[in-house]
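Everything below concerns the one structure shown next.
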Amino acid sequence: QVQLVESGGGLVQPGGSLRLSCATSGRLFKLNYMGWHRQAPGKQRELVATITEDGTTNYADSVKGRFTISRDNVKNTMYLEMNSLKPEDTAVYYCNTVGIYGNSRYANDYWGQGTQVTVSS
């Protein structure tokens, strides 16, 4: 059973910072990538950042230079460091992982339940 649990969301003023965490359980054999996504009210879910097994990262243009994605392989946890937050960053943030876990022969896509980030004065 693969579970992802996000934490670290909350209310922050514009210009502030937050660090989101995504704790993953389940025996990993091969990781394709892990990612952070967000969905604002009335909008489609969008990709924020991804990180591959070798540490290659990719960011949406809207967060480049402000957000940093990272992984701690020992703790099985992924992070999203968010700086210089803007009101338009307000959304529910979700983490996902695509990989081969447990007894599966194929890669599957797993998602967390989401954590709310609100940027407001």
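Between Arg105, Arg45, Arg71, which gets the highest mean-square fluctuation from a Gaussian network model of the chain, Cα cutoff 10 Å?
Most flexible of the set in this elastic network: Arg105.
Under 14 Å Cα-Cα from Lys30, which aspartates and glutamates qualify once same-chain neighbours fewer than 8 residues away are excluded?
Excluding near neighbours in sequence, the set is Glu53, Asp54, Asp109.
For the chain, give the magnitude of the charge dipole about the Cα centre (Cβ charges: +1 Lys/Arg, -1 Asp/Glu; no others), in debye to the nearest 20. Mind dumping the intermediate values first?
Working: 12 positive and 10 negative charges, 29 e Å.
The dipole magnitude comes to about 140 debye.
Points 7 angstrom from Cα along the Cβ direction at Gln44 and Glu88: gap in nanometres?
1.8 nm
For the chain, what relative contact order do you get, as a whole percent, if you take Cα pairs closer than 8 Å and at least 6 residues apart?
Working: 304 pairs, mean separation 44.6, N = 121.
RCO, the chain: 37 percent.
Remind me, relative contact order of the range 1-47 in percent, using alpha carbon pairs under 8 angstrom and six or more residues apart? It would help to have the intermediate numbers written out before the result.
Working: 42 pairs, mean separation 15.0, N = 47.
In percent, rounded to a whole number, it is 32.
Heavy atoms only, probe 1.4 Å: what % of the accessible area of the chain goes to carbon and sulfur, would you let me know?
Details: 3100 of 6650 Å².
C and S atoms contribute 47 percent here.
Kindly report the accessible area of the range 28-73 per residue (heavy atoms of protein chains, probe 1.4 Å, no ligands, DNA or RNA), in Å². Mind showing how you got there, number by number?
Details: 2720 Å² over 46 residues.
Dividing the accessible area of the range 28-73 by its residue count gives 59 Å².
The values are calculated or read from the model by the stated rules, or taken from the named source; none is laboratory data. These numbers come from a predicted model, not from an experiment. Quick reminder, even Gly has a Cβ in these numbers, built from the backbone with ideal geometry, and neighbours come from all protein chains shown. For accessibility, only protein heavy atoms count, side chains too; no ligands or nucleic acids. Shrake-Rupley method; radii C 1.70, N 1.55, O 1.52, S 1.80 Å.
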